[in-house]
């Protein structure tokens, strides 16, 4: 399993591996391309997950997801906070992202 010392290094490495879309988390889906494309949980797979902890600040915690969609023939990343800073999601999205 790949490991990276920082979120920025992980993003850079995933971009080099073809994960070029920038996904945004919505309560019931993820979107990209300025919200013109919406992917629901059954339309994408989570290929890799990386967790990062801030060295001195609990609020500086994040999860990086490497996501692919066979249906739309694309790969991208999603960065989300967790714990106190995580976003409200539908049960279906929570199940998908739990992994």
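The values are calculated or read from the model by the stated rules, or taken from the named source; none is laboratory data. Everything numeric here is computed off the predicted structure, so don't read it as measured data. Cβ sites come from the backbone with ideal geometry, for glycine too, and all protein chains shown count toward neighbours.
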Of the residues in region 83-99, those that are assigned to a helix (DSSP H, G or I), at pLDDT below 70 and touching a strand residue (DSSP E or B) at 6+ places or on another chain (Cβ under 9 Å) come to 85
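Looking at region 64-81 only, could you name the residues that are modelled with pLDDT under 90 and either buried (at least 17 other Cβ atoms within 10 Å of the Cβ) or over 14 Å from residue 24 (Cα atoms) (or both)? If you could, list the steps in order and put the result at the bottom.
To start, the set of residues in region 64-81 that are modelled with pLDDT under 90 comprises 80-81.
Matches in region 64-81: 80 only.
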Go through region 1-14 residue by residue and tally those that are surrounded by 10 or more Cβ atoms within 10 Å (Cβ to Cβ) and without any contact (Cβ under 8 Å) to a residue 12 or more places away in the chain. 4
When you scan region 16-38, do you find a residue that is surrounded by 15 or more Cβ atoms within 10 Å (Cβ to Cβ), modelled with pLDDT of 90 or more, over 12 Å from the mean Cα position of the chain (by Cα) and farther than 22 Å from residue 2 by Cβ, even just one? yes
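Tell me which residues, restricted to region 16-28, are over 15 Å from residue 63 (Cα atoms) and assigned to a loop (DSSP other than H, G, I, E, B). Explain how you work it out, then say what you get.
Start the filter on region 16-28 by keeping residues that are over 15 Å from residue 63 (Cα atoms), which leaves 16-21, 26-28.
Matches in region 16-28: 17, 18, 19, 20, 26, 27, 28.
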Take residue 31 and decide whether it is part of a strand (DSSP E or B) and in contact (Cβ under 8 Å) with a residue 12 or more places away in the chain. no
